[in-house]
Amino acid sequence: ERAARAAAPVTPGALADGSSVPLLANLGSADGAANALELGAEGVGLFRTEFLFLDADRAPSVSEQQEQYTRLLSAFAGKKVVVRVLDAGADKPLSFLNDAEEENPALGLRGIRALRHSEVILREQLTALAAADAATDADLWVMAPMIATVDETRYFVALCRELGLKTSGVMVETPSAALIADRVLKVADFASIGTNDLTQYTMAADRLLGTVANLQDPWAPAVLRLVSEVGAAGAEIGRPVGICGEAAADPLLAVVLVGLGATTLSMSPSALADVRASLARYTREDAERIARAALAAEGAAEAKQAANAAAESAP
Ligand code: PEP
Ligand code: MG
């Protein structure tokens, strides 16, 4: 059965009219690479690097990191791999980087803010990535988490250039970054929307708190509107806009996100098949119409309903 599966190559992500929507994998370590490729991942849209740092009392050395990044990039030779630099803080606290005394860690020194505060860690990580990049032939893109300002974007992009990394971008996880995406994308090579945090910050609802879980819903029209801002900004100046939060794994929401301007979708590999099948059912025109229906709804439940209704009326 394994051989039969390997013999039938999985088709790349595309809409019914043939327009391409590359489907990428979210990975938390290089161990998942073979499985992702088998399930048809066309590359990696989010490589979370926290696993290298968690449970440690110091950052791993440049050579330890280089070895892991080389393993990852070798597995995806010739393909795009988007690596996120360390996203420490809030739901991913690190003893040597974050201040456990902060009252609101989700609003504190996390992501790019923590890295900028402890720049040595960021420099070492980028140095290890540049060395792995030079030794392999994947298409490496590097991105920073929790960007809120153009100044942070400029800081990160400049550091990437200084250390020899060609393609650098930002995650859009704060309403601020989404609302000024036109300016952010003049500086960054690409954006990737992290819908988990973008939903948390838009709805002001802790993503770890069960009592407000009903608000942590990426179908919320406010979240969709922010996604559409980023999509429009990317289209305007010709920069890629990916999605790498959980929302991309929902087959109908994936269509909506493409209709709002997402150019790639990244998800846990187990979701790839259903999303691929869903995209293949709709043309770009359908996707845009379905997206408009969701965007115009009153709330998350209504948006989902409206998208479903619009999808059913697709020819
Ligand atoms: C996100 O916030 O949507 C995201 C992809 O990053 P993480 O879930 O690791 O915070
Ligand atoms: Mg996030």
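The values are calculated or read from the model by the stated rules, or taken from the named source; none is laboratory data. All values derive from a computational prediction rather than experimental measurement. Backbone-built Cβ (ideal geometry, glycine too); neighbour counts: all protein chains shown.
Criterion first (crowded, with 18+ Cβ neighbours inside 10 Å, touching a Cys at 6+ places or on another chain (Cβ under 6 Å), of a type outside the set (A, V, I, L, M, F, W, C) and under 18 Å from Phe190 (Cβ atoms)) does Ser266 satisfy it? Considered against the rule, which asks whether it is crowded, with 18+ Cβ neighbours inside 10 Å, touching a Cys at 6+ places or on another chain (Cβ under 6 Å), of a type outside the set (A, V, I, L, M, F, W, C) and under 18 Å from Phe190 (Cβ atoms), Ser266 comes out as yes. In the stretch 168-183, the residue that is nearest to Pro218 (Cα to Cα) out of those that are away from ligand 1 (no atom under 16 Å from the Cβ) and in contact (Cβ under 8 Å) with a residue 40 or more places away in the chain is Leu179.
Residues in the stretch 25-40 that are touching a helix residue (DSSP H, G or I) at 6+ places or on another chain (Cβ under 6 Å) and either without any contact (Cβ under 8 Å) to a residue 12 or more places away in the chain or in a loop (DSSP other than H, G, I, E, B) (or both): Gly28, Ser29, Leu39, Gly40.
Among the residues of the stretch 172-194, are any more than 13 Å from ligand 2 (Cβ to nearest atom) and hydroxyl-bearing (Ser, Thr, Tyr)? Yes, the stretch 172-194 contains a residue that is more than 13 Å from ligand 2 (Cβ to nearest atom) and hydroxyl-bearing (Ser, Thr, Tyr). For the stretch 1-27, a residue qualifies if it is basic (Lys, Arg) and either surrounded by 10 or more Cβ atoms within 10 Å (Cβ to Cβ) or at pLDDT 95 or above (or both), and exactly one does: Arg5.
Any residue at all in the stretch 279-298 that is crowded, with 18+ Cβ neighbours inside 10 Å, within 14 Å of ligand 1 (Cβ to nearest atom), at pLDDT 95 or above and not in a strand (DSSP E or B)? Checked against the condition, which is being crowded, with 18+ Cβ neighbours inside 10 Å, within 14 Å of ligand 1 (Cβ to nearest atom), at pLDDT 95 or above and not in a strand (DSSP E or B), the stretch 279-298 yields no hits at all.
Residues Val184, Val170: which one is outside any helix (DSSP H, G or I) and surrounded by 21 or more Cβ atoms within 10 Å (Cβ to Cβ)?
Sole residue among the options that is outside any helix (DSSP H, G or I) and surrounded by 21 or more Cβ atoms within 10 Å (Cβ to Cβ): Val170.
Of all residues in the stretch 45-94, those satisfying the criterion of being of a type in the set (Ser, Thr, Tyr) and in contact with a Ser or Thr (Cβ under 8 Å, 6 or more places away or on another chain) are Thr70, Ser74. Restricting the search to helices (runs of 4 or more DSSP H) fully inside the stretch 85-167 and requiring at least 1 residues that are touching a residue at least 40 places away in the same chain (Cβ under 8 Å), under 18 Å from Leu52 (Cβ atoms) and in contact with a Cys (Cβ under 8 Å, 6 or more places away or on another chain) gives 119-135.
I want to confirm something. Restricting to the stretch 187-217 and keeping residues that are without any contact (Cβ under 8 Å) to a residue 40 or more places away in the chain and not in a helix (DSSP H, G or I), which single residue is nearest to ligand 1 (Cβ to nearest atom)? Ranking the qualifying residues of the stretch 187-217, first place goes to Gln216.
Each residue in the stretch 264-282 was checked for being within 16 Å of ligand 2 (Cβ to nearest atom) and among the charged types (D, E, K, R), and 0 pass. Would a scan of the stretch 249-263 turn up a residue that is touching a residue at least 24 places away in the same chain (Cβ under 8 Å), farther than 21 Å from Ala181 by Cα, in a helix (DSSP H, G or I) and within 16 Å of ligand 2 (Cβ to nearest atom)? Looking through the stretch 249-263, at least one residue is touching a residue at least 24 places away in the same chain (Cβ under 8 Å), farther than 21 Å from Ala181 by Cα, in a helix (DSSP H, G or I) and within 16 Å of ligand 2 (Cβ to nearest atom). Of the numbered criteria (1) within 15 Å of ligand 1 (Cβ to nearest atom); (2) at pLDDT below 95; (3) charged (D, E, K, R), the one Arg84 fails is (2). Inspection of the stretch 61-72 identifies at least one residue that is assigned to a loop (DSSP other than H, G, I, E, B) and at pLDDT 95 or above.
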